[in-house]
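First up is the structure itself, then whatever we jot down about it.
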Ligand SMILES: Cc1cc2nc3c(=O)[nH]c(=O)nc-3n(C[C@H](O)[C@H](O)[C@H](O)COP(=O)(O)OP(=O)(O)OC[C@H]3O[C@@H](n4cnc5c(N)ncnc54)[C@H](O)[C@@H]3O)c2cc1C
Ligand code: FES
């Protein structure tokens, strides 16, 4: 999977609000950035957990929805042409000849003097079934994501969940499956009304089944599922199937960062409060992922951390250059970088 | 001061002082009991799931639709399941008893 090395000033792990704003502060100082995120979209918690909930404590924005904040940040950083590598996880960090070499799950490789970890509470990953036997089936007959739709042709599928992913995959796989059923705790769904209507129509025509209930056990041998035990309002049933697709939403998990040799405290990365640098020189941590005395997990604090971090990052990127403090209001140099000159 | 009783995942019961106006999740978290509450009480994670003692369950205000939707993403949901961040401590709830649901 070895691909060409991408050489840049700053690699940012995590495209949440804090990672995004760091692009702006870095850009003002002439540093360019690549960002990596496990999600297939930018915006971190704001976009994934509360896109349509209001935030009231962003300075000078009396109220702003989660997604709106992300959209505004994207507009603000556009002049600096950040490059996004989405749907991949930053996995390995190594020191090579005085620079950092970072590799993602998709095999993308970066080399840079500075790495900024803006990883929030970790990568968003699918929530797994909390059944002790589940691990034995995972990857063979139990899946938490669909990579290739065709791999499910002719299978007897059970889809679990009540959100858009569950409904979308249920509808997409129905024409390919030998038979298909949907299991969900309630007869109500948190999915696009149109998908719900399509699902109900299939069930009515007898082309698919809906089972109201919760999964309580998996049965099978050697990782091959044979049936799923479901607790329904009228008692426990065994539903025969050979494939289970479970969509229980996402959770955040520290992931590979834990093995990078960073000094951790309660799942967060320790930094100094002058430059938000970690115990590894040139590796910074900002936003929810970092900790120091008095740390508050607020977007506001993450923005501040990003600004200060860039002052020191500059020295790693341009050891021979002098850093001049300038205001965006009055500096023609900054106006040029912002594209407003 | 009002009290709540919380049974942890090992079956041990804890008596906690309950600040009126706080959510049950906040009371449990501040007492240092293991409740993840990943979203900080915004009804966006279901990791503050508890089982409410049946006689207390009946006395609680009905859950909002939003809480029901989030409970859909929890496991081992029972008839007495609630998200503790959505229950506000009031005088009427003095003495309420809840059990922490399994972690996932
Ligand atoms: C419901 C809710 C309401 C909130 N309300 C407010 C509020 O009103 N005001 C406020 O200030 N804050 C609020 N917060 C907190 C705020 O959302 C966080 O402080 C903020 O999102 C932190 O931003 P971040 O960029 O540090 O991390 P995140 O937003 O968590 O983003 C981190 C990103 O990094 C990615 N990532 C992590 N590890 C890797 C890896 N190894 N490889 C690739 N990608 C990785 C993750 O997938 C994620 O997308 C709220 C939070 C929630 C959940
Ligand atoms: S703390 Fe997240 S839903 Fe209650």
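Bear in mind that the values in this text are calculations on the coordinates, not laboratory data. Keep in mind that what you see is a predicted model, and the values were worked out from it rather than measured. We place every Cβ from the backbone using ideal geometry, glycine too, and count neighbours over all the protein chains shown.
Quick notes
- Between 0 and 90°, nearest 10: helix A:17-28 axis offset from chain A longest Cα axis: 30
- Between the stretch A:187-243 and the stretch A:264-328, the Cα center-to-center distance that results, in Å: 48
- Chain A, Cα convex hull volume normalised per residue, Å³: 175
- DSSP beta bridges confined to the protein assembly as shown are antiparallel in about 55 percent of cases.
- A Förster radius of 41 Å, combined with the Cβ-Cβ distance separating residue A:197 from residue A:86, puts the computed FRET efficiency at roughly 0.85.
- Estimated distance in nm for a label pair at residue A:4 and residue A:138, the labels positioned 7 Å out from Cα along Cα-to-Cβ: 3.6
- Residues B:42, A:46 in ascending order of nearby Cβ atoms (within 10 Å, fewest first): B:42, A:46.
- DSSP-defined antiparallel bridges as percent of all bridges, the stretch A:97-217, nearest 5: 25
- Ordering A:53, A:270 by the number of other Cβ atoms within 10 Å of each residue's own Cβ, fewest first, gives A:53, A:270.
- Its alpha carbons give chain B an Rg and a Dmax of 12.2, 34 Å.
- Placing a label point 7 Å from the Cα of residue B:59 along the Cα-to-Cβ direction, the residues of the stretch B:5-38 with a backbone N closer than 14 Å are B:5.
- Contact order relative to length of the stretch B:1-86, as percent, for alpha carbon pairs under 8 angstrom and 6 or more apart: 28
- Residue order, fewest to most beta carbons within 10 Å, for B:6, A:159: B:6, A:159
- Placing a label point 7 Å from the Cα of residue A:296 along the Cα-to-Cβ direction, the residues of the stretch A:1-33 whose backbone N falls under 17 Å from that point are A:18.
- On Cα atoms only, tilt of A:164-173 relative to the major axis of chain A in degrees: 50
- Nearest-0.05 FRET efficiency for residue A:111 and residue A:172, computed from C-beta distance (R0 51 Å): 0.85
- Förster radius 41 Å - calculated FRET efficiency between residue B:22 and residue A:254 (Cβ-Cβ, nearest 0.05): 0.90
- The stretch A:250-341: C-alpha gyration tensor shape, a/c 1.5 cut-off, then a/b vs b/c: prolate
- The angle between the Cα long axis of helix A:193-204 and the main principal axis of chain A comes to about 20°, on a 0 to 90 degree scale.
- Gain in span if fully extended, residue A:311 to residue A:68, counting 0.36 nm per residue against the direct Cα distance: 84.7 nm
- Summary value for the stretch A:233-317: 21 percent relative contact order, contacts being C-alpha pairs under 8 angstrom separated by 6+ residues.
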